Amino acid sequence: MKRKRHSVLVLLAGLATAIFFSVLVAAFNYRTGLDDLNISLSAAGTRLGEKLAQHEAHLTALAAVVRMGEQEQTDSVRGLAEAIASFYPRITEIATIHVEGASAVMTRYDQPNDRVEEQNSAELPVLTTPGSTVVRSQTGDVQHYEIYKLVAPGLYLLMKIDAGGLVADGLVPHDYGYQLWSEETQLINRPLRASTLLTATRDLDVKSASQPFRLEMSRGFRTTELLPPFVVLPLLLLLAAAFYLLVAFRRAVRAEQLQERRAALLEQETKLAHAGRVNALGEMASGIAHELAQPVAALLSQSQAARRAIVIERRDILEQALDANVREAKRAGDILGRMRAYIAGGASQLETVPLERALTETMLLAEPDLARRGIAVDTVIASGDRLLRIDTIAFQQVFHNILRNAAEALAGQDDPQISIRAEASGNQAMLTITDNGPGISAAALPHIFEPFFTTKPEGMGLGLPLCARLIEKMDGSMEAVNVGGARIIVRLPLETA
Ligand code: ADP
């Protein structure tokens, strides 16, 4: 899943980069195309300006000749006009116009036989300064325009020009579109031929005093022009290869990092396991010392009692002491055996015992000590014939610990009491041991089952954690509550009745 997402991300990144580079290439090609357009427009503008200047030169020459003669219909005018018309086919008409009141007489010179036409003088453009010119575009014949030049008051020179001829000889690249404007009149319009993705248009005012034209040029950009496959394809291939290499490299680095991390983890785990074993060992050692302290102390006091019994020659006390010694030594041995089994991870030695017997045997061991301490014990057993499956030694050890804790809590207390209740509830036996001591402080209560937690100056804090483990091994559970004094509750499974 993670790998898939990674691949998709890489693909997207590759696509984005390819798009980015394609846009870059397209932008570059567009820019170059625009430069071409600008160069073409400027070149066309210059050449057009030259052509328009030629018209001015022709008019000036004609005007000079017209002014020279007595009358303008001289051979010289005709000769010049014919020469101009034959060299410059775009000049389609050369004529003079005489204004005589309301009418005007136009005489054409561009053809061998002069042709005379009558005109309405009101239709002529108004020119006052001799030498001045004006351009008139013809409506309905947009290809052509006329230049009027006032030679002398009442005498005009007229030149009609085919605008198409101005741009006919490759002035504009064949795949460009263009428009030639004389002020608001469009003289020529050649639209772009092919349909394209993008179009760019630039215009230019042609430098001419007599014919102030504007040339507009446009060029289109085809997709393949902006993104030529021979540029884009290798780019894409190159990118794909680069990404493939990058991904492979990153994978290799990741694998190496993973390997290193695994090795580090393994080392850490080994260290932790070792520390854990050392801890467990320490815990166990303390536990063993803790558990053996009581029988060893009993052995010591009973042995001392035995020695006194020999001195005072009391065989009965001697026998009692020796019996107690045997019992305590056996108990110590049992504890050690159980500890060994526990450390070795062996299973508890479970046996089936009636509830009542399990408890009375345990109390038999504990009562002398409690009696010595002046603690009253009150035991009530209900459903005493129900069967418990317990490890008897572990069970006695748990009770011994709980009772010892209660006895220690009751030290110095008036009327110290411990009450023991045993009852069956379904398939569970509930044993409660309640004392009337000060109880367990609220701060201590959540921690008393943690190893080494103790509130006693000489305590080891291993009693309750060990009890809990032992009870758990018998599939039971343990908890502590406060009911004024402390109450320890032990739950153990009962054999089905
Ligand atoms: P230790 O007896 O060495 O302190 P335990 O694990 O047996 O270790 O007990 C842990 C703590 O639980 C004791 O230090 C004590 O604070 C508290 N505790 C246990 N039983 C009682 C009790 N009957 N009354 C008050 N506090 C108790």
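Computed from the coordinates by the stated procedures, all read-outs in this text should not be read as laboratory data. Nothing here was measured: the structure is a model prediction, and the numbers come from that model. Glycine also receives a Cβ, built like all others from the backbone with ideal geometry; neighbour counts cover every protein chain displayed.
Remarks
- FRET E, pair L266, R469, Förster distance 30 Å, beta-carbon r, rounded to 0.05: 0.50
- Here r is the Cβ-Cβ distance between A411 and E361 and R0 is 30 Å; the resulting FRET efficiency, rounded to 0.05, is 0.70.
- K330/R251 FRET efficiency (R0 51 Å; Cβ-Cβ; nearest 0.05): 0.15
- One decimal place: the segment L198-L24 gains 61.1 nm when fully extended, by the rule 0.36 nm per residue minus the C-alpha distance.
- Fully extended contour minus Cα-Cα distance, from S301 to A289, at 0.36 nm per residue: 2.5 nm
- Stretched out straight at 0.36 nm per residue, the stretch from Q349 to Y244 would grow longer than its current Cα-Cα span by 31.3 nm.
- The tail of the calculated P(r) for the chain beyond 42 Å holds 61 percent of all Cα-Cα pairs.
- Label-to-label distance, nm, for residues given as Q320 and V99 (7 Å Cα→Cβ offset): 16.4
- Segment 171-215: C-alpha gyration tensor shape, a/c 1.5 cut-off, then a/b vs b/c: prolate
- Selection of GluC sites (Glu not before Pro), segment 6-85, meeting DSSP coil and at most 14 other Cβ within 10 Å: E70
- Here's how it looks for A104: its modeled amide H is under 5 Å from those of Q119, N120, S121, which are all 5 or more places away or on a different chain.
- Remark on V151: its backbone amide H falls under 5 Å from those of G131, Y156, L157, a criterion applied only to residues 5 or more positions apart or on other chains, H modelled at 1.01 Å from N.
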